[in-house]
1. Hey, residue 68 hits all of (1) in a helix (DSSP H, G or I); (2) under 24 Å from residue 220 (Cβ atoms) but one; which does it fall short on?
2. Of the residues 116, 78, 71, 82, only one is touching a residue at least 12 places away in the same chain (Cβ under 8 Å) and either in contact with a helix residue (DSSP H, G or I) (Cβ under 9 Å, 6 or more places away or on another chain) or farther than 26 Å from residue 14 by Cα (or both); which?
3. Suppose we filter 137, 118 for residues that are crowded, with 21+ Cβ neighbours inside 10 Å and at pLDDT 95 or above; which single one remains?
4. Quick check: is even one residue across the range 157-172 touching a helix residue (DSSP H, G or I) at 6+ places or on another chain (Cβ under 9 Å), farther than 21 Å from residue 63 by Cα and modelled with pLDDT of 95 or more?
């Protein structure tokens with residue numbers, strides 16, 4: 001199954017918000033299709049369907065958010081299954097550790113497809129070496145930087161500054177209402193750090209489950225592939 005390149009609004013109307021796919025949202029109040037249902041009921045709809053459909057629904061969320069093919073997702077599942085620990089959490093950790101996902105979470109690109117394009121064109125380095133493979137898995141200790149003579153460095157800096165303003169506003173509001181246990185995708189996750197002036201970033205730890213920016217039942221994804 002190839003990577004999806006079609007309309008993105010149609011996908012988020014059916015699956016819910018997927019910040020890795022698009023930051024846009026739909027103003028329509030029903031799911032796509034001639035017989036679409038009201039979105040307020042759509043969130044409950046999977047619970048009323050058979051369990052297989054619900055598992056498929058969760059798998060689709062991962063595929064579209066991270067922009068991976070079915071073959072890649074199966075490969076990540078098998079890798080997670082071989083490791084010791086919760087297969088579901090390890091699957092999410094592998095997906096979140098991808099280079100394109102890391103660039104997106106740092107605030108260098110608006111979506112994961114945009115981050116993938118920047119990586120393919122060789123605008124980023126890991127530990128001083130240019131890496132053009134979006135599926136490269138970042139490990140704790142890896143240092144990420146923008147290539148010195150990159151023609152889009154100023155564009156990345158401008159977008160990062162916009163994201164940083166949003167982050168500061170969100171953090172300030174969270175402090176005002178004393179809310180510290182809510183994770184928002186625009187905030188930098190706990191396993192990453194970045195210098196706002198030089199845009200030099202570093203992976204300082206492993207991905208934490210509560211830093212994952214989408215609402216997904218990873219256990220149902222594991223059940224789907226283990227059937």
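The values are calculated or read from the model by the stated rules, or taken from the named source; none is laboratory data. Since the model is a prediction, treat every value here as computed from it, not as a measurement. We place every Cβ from the backbone using ideal geometry, glycine too, and count neighbours over all the protein chains shown.
1. That leaves (1) as the condition not met.
2. 116
3. Numbers: 137 fails: crowded, with 21+ Cβ neighbours inside 10 Å.
118 is the lone residue from the list that is crowded, with 21+ Cβ neighbours inside 10 Å and at pLDDT 95 or above.
4. So far as the range 157-172 goes, no, none of its residues is touching a helix residue (DSSP H, G or I) at 6+ places or on another chain (Cβ under 9 Å), farther than 21 Å from residue 63 by Cα and modelled with pLDDT of 95 or more.
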